[in-house]
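This report concerns only the one structure given below.
Just so it is clear, none of the values below were taken in a lab; they were calculated from the coordinates. Just so you know, these numbers come straight off a predicted model, no measurement behind them. Because the Cβ atoms are built from the backbone with ideal geometry, glycine has one as well, and the counts that use them run over all protein chains shown.
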Amino acid sequence: MHQRLTPATAALLVLPPLLWAGNAVVGRLLAGLVPPITLNFLRWLLAFLLLLPSTAWLLRRDSPLWPLWRRFAVLGLLGVGCYNALQYLALKTSTPLNVTLVAASTPAWMLGIGALCFGQRITARQVAGAALSIAGVLVVLSRGDWDLLLQVRLVPGDFYVLLATVAWAFYSWLLVRPGDPAAIRGNWAALLMAQMVFGLGWSALFAAGEWAAAPQYIAWSWPVAAALLFVAVGPAILAYRCWGLGVQRVGPTVAGFFSNLAPVFAAVMSAAVLGELPRPFHGVAFLLIVGGIFISSRKA
């Protein structure tokens, strides 16, 4: 049974899109310096090494992880192996505007997959909330000028973002299925490590394919190393920990609306980097997205 959205849970669900916005900015900065799928592998390898000291018991032969290896292999594939690898790949082959536009469909995919695959009932409040949330993202993308959206042209790279969004929706719904041992479910580090054990294998396999398909290189430097550390600690460990806990409390449908805060955060971050102050449309977009979250999370 999911709980009502509280300020504490809302704070948990705000942090991931904030960190993911930073992840998108860093991903664009690293384009051309680190191959995108290799970047995803290095990110999770660092996260794995950082969590290993506190979760090494999970790798023992008598660990409760191994009887559930199929479940965590799927979670690792969707959340670790595919999601960010596809996003990094999209940032290399598509425009940031297109990437954000396609990713804005997350609430709709959360609702649709929940209804079709997990027997969840869609309410009018949730549909209204999704419409408001997506409208907020469109305000950011159009910069308050709706004619700008008419100039958007989808390219093949946008398909990667669509796949990432669908993978994330399935991942979020699978994350709340009951049955995980208390030793894993009650320990956020163990729950994330259980996914990384298999997800790291998927990531390594995909990265090997990337290197086999064409010659690759990594332009190593201290800024690149610092960027890798950031995407491992922030968007990986902290964001996944907060997202997992938030999803368990209020469910994937309500949590999905928070993901649309990422474009607002990304726009503000980009404006800060360029030395520009936020524009009024940023405030309008924020209010629309928060309104969508409020409406969708209210009990009938």
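Please list, by residue number, everything in region 28-54 whose backbone N is under 20 Å from a paramagnetic label point 7 Å out along Cα→Cβ of Trp220. In region 28-54, the label zone of Trp220 (backbone N under 20 Å from the point 7 Å along Cα→Cβ) covers 30-50. A Förster radius of 22 Å combined with the Cβ-Cβ distance from Ala213 to Leu33 puts the calculated FRET efficiency at roughly 0.75. Whole-Hz Karplus values for region 241-247 come out as 5, 5, 5, x, 5, x, 5 Hz, taken residue by residue from phi with 6.51 cos²θ - 1.76 cosθ + 1.60 and θ = phi - 60°; glycine and proline positions read x. What shape does region 7-297 have by the C-alpha gyration tensor, where a ≥ b ≥ c are the square roots of the eigenvalues, rounded means a/c under 1.5, and otherwise prolate means a/b greater than b/c and oblate the rest? Oblate is the answer for region 7-297, as a/c is 1.5 or above yet b/c matches or exceeds a/b.
Residue separation times 0.36 nm, minus the C-alpha to C-alpha distance between Ser54 and Phe159: what's the value? Intermediate values should be presented prior to the final figure.
Working: separation 105, 0.36 × 105 = 37.80 nm, distance 3.77 nm.
Stretched out fully, the Ser54 to Phe159 stretch lengthens by 34.0 nm.
Here the simple spin-label model places points 7 Å from the Cα toward Cβ, and for Ala204 and Val176 these points are separated by 3.4 nm. Protection proxy ranking of 181-194, 61-74, by the mean of other Cβ atoms within 10 Å over each peptide's residues and highest first, is 181-194, 61-74. At full extension, Asp62 and Ala124 could sit 17.6 nm farther apart than now, given 0.36 nm per residue minus the alpha carbon distance. Using the Karplus relation 6.51 cos²θ - 1.76 cosθ + 1.60 with θ = phi - 60°, the per-residue 3J(HN,Hα) values for region 121-127 come to 8, 8, 9, 4, 4, 5, 5 Hz, with x marking Gly and Pro.
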